[in-house]
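The values are calculated or read from the model by the stated rules, or taken from the named source; none is laboratory data. It should be emphasised that the depicted structure is a prediction, and the values quoted were computed from it without experimental measurement. All Cβ positions, glycine included, derive from the backbone under ideal geometry; neighbour counts span all protein chains shown. Surface areas here come from the heavy atoms of the whole protein model, side chains and all, with no ligands, DNA or RNA. Shrake-Rupley method; radii C 1.70, N 1.55, O 1.52, S 1.80 Å.
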Amino acid sequence: MSISRRKFLGWMGAAGASTLVGKTARAAANKQFSGYPDSNGVLFDSVRCIGCRKCEDACNKVNELPAPEKPFNDLTVLDVQRRTHANTFTVVNQYTPPGAKAPVFRKIQCNHCLEPACASACFVQAFKKTESGAVAYDASVCVGCRYCMIACPFEIPAYEYDKAFTPRVVKCTMCQPRIEKGLLPGCVESCPTEALTYGKRKDLLKIARERIHNFPDKYVDYIYGEKEMGGTSWLYLSGVPFKDLGMREDLGTKAAGELTAGALGAVPIVVGLWPVLLTGIYAVTKRKEKIAQEEREAAVANAVNETQAAADKQMMTAQEKAEKEKAAAIEKAVKQALAEAAKAQEEAARAAEKEPEAKDTQDKTEEDA
């Protein structure tokens, strides 16, 4: 991507500020939100992860996603770095840090930021941070602009490009439907090594600090996600530098909302202008479709006319030929009939000439007798 996500968010803010020149932004749009104090989250401990992919399997089943090309017990997929996409809401990647004796693993999914960049960039508010900690998505209001995909610093949201009529932005939901039923997220429940822990975020931070304190030789003294981009609901522990797990260490601690405050202030204006823009795009598109349809109909009509003219010409030629053949046949039949009549007339004449001679011969024969 040619621009960084942070720069994109900055541009969003600048765009919003420009839009609002001479106007007063809504105070609520610029108000900073630091997350719900009792929200939940998940602690991922990479020291405990063995890369079994049980969490991927559970996520696939819980979300009723299509089966992957290779089964989940095929660990050769760990040989390549993967990312989430429309049919895969979570993946586990394998890393071999410099000097490490064994590979280490990291689970990747939506981090459910406390102040999500996707929600900050979304001017129709299709994304919403819930009190439970999950970042929820409402497909019914999504206009498919995919700014959320550009804004996300973790490159998580995916788009259903293969669905022409009802595409959605998709990502991990933190198993919100299961949470509402009192169940654990599918990945957490399936983890055989307890590398995943679900609970209140503030309690997860305590657990993480205790592990670091009790096992300082195992863990890096840092909790990833506690402050990145204003904090995330997914927290991470690691025994190696987080950059060796492919995790960005340049995100800073400023939440996305601070970068997009101007743009959020412009939301009422953008939302008001959006239907006009869509209507204009729709009108242009329909105009193009109408012209294309008229051109197609003209081409079809021309082709039909040409075909009909060729058929008429062929038909006329055939009729002329048939009439000539018919006239020739009639002429031939007439000639034949006339010839036969003449022949019959000649034969009748010869017969008439012979009849008196035969009578004289008969009369002479009777006299002699």
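Taking the range 55-87 as the range and being touching a helix residue (DSSP H, G or I) at 6+ places or on another chain (Cβ under 9 Å) and small (Gly, Ala, Ser) as the test, the residues that pass are ALA58, ALA67. Restricting the range 156-170 to residues that are touching a strand residue (DSSP E or B) at 6+ places or on another chain (Cβ under 7 Å) and open to solvent by less than 20 Å² (accessible area, probe 1.4 Å) leaves a set whose member that is farthest from GLY246 (Cα to Cα) is GLU160.
Could you check the range 156-165 and list, in sequence order, the residues that are touching a residue at least 24 places away in the same chain (Cβ under 8 Å) and part of a loop (DSSP other than H, G, I, E, B)? Correct list: ILE156, PRO157, GLU160, TYR161, ASP162.
Of all residues in the range 33-55, which are open to solvent by 70 Å² or more (accessible area, probe 1.4 Å) and among the polar types (S, T, N, Q)? It would help to see each step written out before you state the result.
Looking only at the range 33-55, we keep the residues that are open to solvent by 70 Å² or more (accessible area, probe 1.4 Å), and these are 33-34, 36-38, 48, 50, 54.
The answer is SER34, and nothing else.
Just so you know, in the range 126-155 the residues that are in a loop (DSSP other than H, G, I, E, B) and open to solvent by 50 Å² or more (accessible area, probe 1.4 Å) include one that is farthest from LEU251 (Cα to Cα), and it is SER140. Being among the small types (Gly, Ala, Ser), open to solvent by 20 Å² or more (accessible area, probe 1.4 Å) and modelled with pLDDT under 95 is not true of GLY239.
Of the residues in the range 76-84, at least one is under 24 Å from PRO153 (Cα atoms), among the polar types (S, T, N, Q) and open to solvent by 20 Å² or more (accessible area, probe 1.4 Å).
Each residue in the range 212-236 was checked for being of a type outside the set (A, V, I, L, M, F, W, C) and either surrounded by fewer than 14 Cβ atoms within 10 Å (Cβ to Cβ) or without any contact (Cβ under 8 Å) to a residue 12 or more places away in the chain (or both), and 5 of them qualify.
Consider VAL104 carefully, then state whether it is surrounded by fewer than 21 Cβ atoms within 10 Å (Cβ to Cβ) and on the phi < 0 side of the Ramachandran plot. Yes: the conditions hold for VAL104. Do we find a residue being among the polar types (S, T, N, Q), at pLDDT 90 or above and either on the phi > 0 side of the Ramachandran plot or open to solvent by 60 Å² or more (accessible area, probe 1.4 Å) (or both) anywhere in the range 111-118? No, every residue in the range 111-118 fails to be among the polar types (S, T, N, Q), at pLDDT 90 or above and either on the phi > 0 side of the Ramachandran plot or open to solvent by 60 Å² or more (accessible area, probe 1.4 Å) (or both).
Taken together, the residues in the range 191-204 that are under 18 Å from THR253 (Cβ atoms) and surrounded by fewer than 18 Cβ atoms within 10 Å (Cβ to Cβ) amount to 1.
Sort through PRO103, PRO157 and tell me the only one that's at pLDDT 95 or above and either basic (Lys, Arg) or closer than 15 Å to THR232 by Cβ (or both). Only one candidate passes the filter, namely PRO157. For the range 331-354, indicate whether the set of residues that are under 51 Å from the mean Cα position of the chain (by Cα) and of a type in the set (Val, Ile, Thr) is non-empty. Within the range 331-354, not a single residue is under 51 Å from the mean Cα position of the chain (by Cα) and of a type in the set (Val, Ile, Thr).
For the range 100-114, a residue qualifies if it is in a loop (DSSP other than H, G, I, E, B) and either of a type in the set (A, V, I, L, M, F, W, C) or within 23 Å of ARG168 (Cβ to Cβ) (or both), and the qualifying residues are ALA100, ALA102, GLN109, CYS110, ASN111, HIS112, LEU114. Of the residues making up the range 96-109, none is in contact with a Gly (Cβ under 7 Å, 6 or more places away or on another chain), farther than 19 Å from PRO167 by Cα and among the polar types (S, T, N, Q). Of the numbered criteria (1) in contact with a strand residue (DSSP E or B) (Cβ under 7 Å, 6 or more places away or on another chain); (2) open to solvent by less than 20 Å² (accessible area, probe 1.4 Å); (3) of a type in the set (A, V, I, L, M, F, W, C); (4) not in a loop (DSSP other than H, G, I, E, B), the one ALA58 fails is (1). When PRO177 is tested against the conditions (1) touching a Phe, Trp or Tyr at 6+ places or on another chain (Cβ under 8 Å); (2) modelled with pLDDT under 95; (3) outside any loop (DSSP other than H, G, I, E, B), the lone failure is (1). In the range 207-220, the residue that is farthest from SER238 (Cα to Cα) out of those that are within 42 Å of the chain's Cα centre (by Cα) and of a type outside the set (Phe, Trp, Tyr) is ILE207.
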